[in-house]
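Reading through the structure tokens given below for one structure.
The values are calculated or read from the model by the stated rules, or taken from the named source; none is laboratory data. Every value quoted in this text rests on a predicted model; they were computed, and no experiment measured them. Surface areas here come from the heavy atoms of the whole protein model, side chains and all, with no ligands, DNA or RNA. Shrake-Rupley method; radii C 1.70, N 1.55, O 1.52, S 1.80 Å.
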Amino acid sequence: MKVLAFAASNSENSINHKLAEYTAHLIPDADIELININDFEMPIYSIQREVQLGKPKQAQAFYDKITEADALIISFAEHNGSYTAAYKNLFDWTSRIDMKVYQDKPILMLATSPGPGGASSVLASAVGSATYFAADVKGSLSVPNFFDNFDIVTNQVVGVEIKAALLAMVSTLK
């Protein structure tokens, strides 16, 4: 199984990237591709820019990465209760190629933050809108208090309940 995993964040030190990577590696014998959305940076979307520029090659490349995958793991960072501007822009451009951005792929949607909310607002938004974009959400999990539940030295979840929830979710991807 080819798994595409990424953080919906442009932070170079993204805790959501750590969570997505950790979760992907829980899948036995998976061919994992970790991507950084910074590699797909484009001008801010507008209809005028689309008319002027067409569909940027970065949007097509991102869409193609999804096409090539059997399953997706996305961990959402939260900026002011919503998607990061970087991911929203990438998503908006990609949706202009095909509104079915997620192409009916099975997806695990995650979110984390340093605080007790665990980026639950953006996760709820992502899960709530997923069907409109052809996502087969197999599970979702908000991880609160990241630094209490994840050892950044060993890159391991230390929260027993969180690890059990992640293992249960990845088992749905088989």
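Among the protein heavy atoms, those of TYR22 account for about 20 Å² of accessible surface (1.4 Å probe, every chain in place). Scanning residues 5 or more positions from PHE150 or on other chains, those with amide H under 5 Å from its amide H are VAL158, with H placed 1.01 Å from N in the peptide plane. Rg/Rh for the range 10-68 (Cα atoms only, Rh after Kirkwood) is 1.09. Skipping prolines and chain starts, which residues have an amide H placed within reach, meaning under 5 Å, of the one on LYS105, given they are 5 or more residues away or on another chain? Correct list: ASP136. Around the amide H of SER75, modelled in the peptide plane, lie the amide H atoms of PHE6, ALA7, ALA8, LEU110, all under 5 Å away and 5 or more residues distant in sequence or on another chain. Computed over protein heavy atoms with a 1.4 angstrom probe, the accessible surface ordering of TYR132, TYR102, largest first, is TYR132, TYR102. A Stokes-Einstein calculation at 25 °C with viscosity 0.890 mPa s, built on the Kirkwood radius of the chain over Cα pairs, returns a diffusion coefficient of 152 µm²/s. In the context of the full set of protein chains, the chain has a per residue accessible area of 48 Å² (1.4 Å probe). Once neighbouring chains are kept in place and the probe is 1.4 Å, which whole percent of the accessible area of the range 104-174 is contributed by carbon and sulfur? It is 57 percent, rounded to a whole number. When nucleic acids and ligands are ignored and a 1.4 Å probe is applied, ASP104 ends up with an accessible area of around 110 Å².
Ordered from longest to shortest, the equivalent ellipsoid semi-axes for the range 76-174 are 25, 17, 11 Å, each the square root of 5 times a Cα gyration tensor eigenvalue. The solvent-accessible area of SER120, taken with every protein chain present and a 1.4 Å probe, is close to 60 Å². Computed per residue of the chain from DSSP H runs no shorter than four, each worth -39500 (n - 2.57), the mean residue ellipticity at 222 nm is -11000 deg cm²/dmol. Listed by chain and number, the aspartates and glutamates whose C-alpha is less than 18 Å from the C-alpha of LYS100, apart from same-chain residues fewer than 8 away, are ASP64, GLU68, ASP70, ASP92, ASP136.
The mean of 1/r over all pairs of different alpha-carbon atoms in the range 30-126, once inverted, gives a Kirkwood hydrodynamic radius of 14.4 Å.
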